[in-house]
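Structure first, commentary second.
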Amino acid sequence: MNLKKTLIAAGIAVGAFAAPAMAQVSVQIGIGVPIAPPAPIVEVAPVAPAVGYVWAPGYWGWHGDRYVWIRGRYVYGRPGYAWVPDRWDHRGDRWHRAEGHWERDAHWRGERGERGERGERGERGERGEHRGRGRD
């Protein structure tokens with residue numbers, strides 16, 4: 001019986017230390033690029049590999065001392081979320097890349113038809129950008 005209590009206590013202690021290890025930490029150092037990116041290349045999205053995939057358009061990436069085009073790709077969709085494409089933001093005299101990411105989709109209707117939490121904006125975002133619902 002004493003061995004059983006020791007094993008349970010050890011399991012709880014290990015669990016207490018393992019949980020913080022799963023936390024995600026992200027650190028970014030934004031030095032920026034002094035040169036504006038070229039205009040985006042228009043890509044025609046190929047046929048989706050399967051139902052549920054969303055087209056993530058290509059973008060200009062910075063590689064050492066120049067921009068290189070990173071081709072668009074399909075990413076597996078997340079119900080209730082929209083893909084926000086990679087973009088370059090101009091801050092001061094530098095350009096900083098904002099990585100593409102998933103964002104809660106205010107227009108998504110769940111299995112029971114509920115609306116999203118952030119109000120109505122139509123099929124496009126505030127600035128008219130594509131919100132990851134397939135191709136126009």
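The values are calculated or read from the model by the stated rules, or taken from the named source; none is laboratory data. As the structure is a prediction and not an experimental result, all values here were calculated from the model. Heads up, the Cβs are rebuilt from the backbone with ideal geometry, glycines too, and the neighbour counts pull from every protein chain shown.
Whenever a residue of the stretch 79-97 is more than 16 Å from Ala39 (Cβ to Cβ), its partners that are among the acidic types (Asp, Glu) and assigned to a strand (DSSP E or B), lying with C-beta atoms within less than 9 angstrom and at least six residues away or across chains, give the pairs Tyr81/Glu103; Ala82/Glu103; Trp83/Glu103; Val84/Glu103; His96/Asp89.
For the stretch 70-92, the tally of residues that are over 13 Å from the mean Cα position of the chain (by Cα), outside any strand (DSSP E or B) and among the charged types (D, E, K, R) stands at 1.
For the stretch 83-98, a residue qualifies if it is acidic (Asp, Glu) and surrounded by fewer than 14 Cβ atoms within 10 Å (Cβ to Cβ), and the qualifying residues are Asp89, Asp93.
To keep it simple, each residue is scored yes or no on (1) touching a Pro at 6+ places or on another chain (Cβ under 9 Å); (2) under 18 Å from Glu103 (Cα atoms).
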residue	(1), (2)
Ala45	yes, no
Ala48	no, no
Val54	no, yes
His63	no, no
Val68	no, no
Gly77	no, yes
Tyr81	no, yes
Pro85	yes, yes
His90	no, no
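Residues in the stretch 53-69 that are at pLDDT 95 or above and not in a strand (DSSP E or B): Pro57, Gly58.
Any chance you could count how many residues in the stretch 67-98 are of a type outside the set (Gly, Ala, Ser) and closer than 15 Å to Ile31 by Cα? The number of residues fulfilling the criteria is 9.
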